[in-house]
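The values are calculated or read from the model by the stated rules, or taken from the named source; none is laboratory data. Please read these numbers as outputs of a predicted model, since none were measured by experiment. Cβ placement follows ideal geometry from the backbone for every residue including glycine, while neighbour counts extend to all protein chains displayed. For the accessible areas, the whole protein counts, side chains as well, though only heavy atoms, and no ligand, DNA or RNA atoms are used. Shrake-Rupley method; radii C 1.70, N 1.55, O 1.52, S 1.80 Å.
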Amino acid sequence: VHLEEWPSASLNEKMKNKNKKLLEEMEEVRNIVSLGLEARAKANIKVRQPVASLKIKNQKSKIKSKEDFLELIKDELNVKEVIFDDKISGEVELDTEITPALKEEGDLRELIRNIQDIRKKEKLKPNDLASIQVVALGGSREFLEKNMKEIMKSTMLKDIQFVQSVDGEEIKVDDFLFSINIVK
């Protein structure tokens, strides 16, 4: 240890500058996310509901060409695309039009969250496989059948059984109604 050389001052200076730049970029990301969340709240759109895009006014943005920061914004705000556009009136503009495909994706996320909550109540660990018994009629059953693979993968289910009646939790997701019981 005593024979090791100390890092040069120029290396320390480079690291300080790099860290400072990173902190500035993260500050910009936090500001954009904050404004995006505010726009969602004004439009009364939950974060679980995906939206098509978020426009950002600042063309001189430090993060414009940094894909990892743009992905972070997409994830935090649940937007499909981030667009830089000088023509918008505010600093950010959220596309509030919910297409049928985006609506279905939001409903699917909400159902998955509810199933995860039931798993927690039943004290299942994240890697514990389980089955569910479901009463779902009409459009609710069609929705579940259409998204069955994603639901099973996301909620660690080995099986989804459709039944006529069940003593379970009732879940309402928009127009869909489910009664669900977890079987360990």
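Among the protein heavy atoms, those of MET26 account for about 60 Å² of accessible surface (1.4 Å probe, every chain in place).
Relative to the longest principal Cα axis of the chain, at what angle does helix 67-77 sit, 0 to 90 degrees, rounded to 10? Helix 67-77 sits roughly 40 degrees off the main axis of the chain.
Surface composition of region 29-184: carbon and sulfur make up 48 percent of the accessible area, probe 1.4 Å.
Think of it as helices only: each DSSP H run of n ≥ 4 in the chain is worth -39500 (n - 2.57), and spread over all residues that comes to -15500 deg cm²/dmol at 222 nm.
Could you work out the relative contact order of region 60-179, using alpha carbon pairs under 8 angstrom and six or more residues apart, expressed as a whole percent? All intermediate terms of the calculation are to be shown ahead of the outcome.
Numbers: 90 pairs, mean separation 27.6, N = 120.
Relative contact order of region 60-179: 23 percent.
Using 30 Å as the Cα-Cα cut-off, could you pick out the over-long pairs in LYS74/LYS172; LYS20/LYS153; LYS55/LYS121; LYS57/LYS149? Please list the in-between numbers first.
Working: LYS74/LYS172 27 Å; LYS20/LYS153 41 Å; LYS55/LYS121 40 Å; LYS57/LYS149 39 Å.
Exceeds cut-off: LYS20/LYS153; LYS55/LYS121; LYS57/LYS149.
Taking the Cα centre of the chain as reference, the dipole from Cβ charges on Lys and Arg (+1) and Asp and Glu (-1) amounts to some 300 debye.
If you take the C-alpha gyration tensor of region 118-184, multiply each eigenvalue by 5 and take the square root, what semi-axes do you get, largest first, in whole Å? Write down the numbers at each step before the final one.
Working: eigenvalues 71, 36, 22 Å².
Working from the Cα gyration tensor, I get semi-axes of 19, 13, 10 Å.
The alpha carbons of region 19-73 give a radius of gyration and a Dmax of 12.1, 37 Å, in that order. Per residue, the chain exposes 66 Å² of accessible surface when a 1.4 Å probe is rolled over the protein heavy atoms with every protein chain present. Computed 3J(HN,Hα) for region 170-184, one whole-Hz value per residue from the Karplus formula 6.51 cos²θ - 1.76 cosθ + 1.60 where θ = phi - 60°, is 8, 10, 10, 10, 6, 8, 9, 10, 10, 10, 10, 10, 8, 10, 7, glycine and proline marked x. With all pairs of different C-alpha atoms in the average, the Kirkwood value for the hydrodynamic radius of the chain is 19.8 Å.
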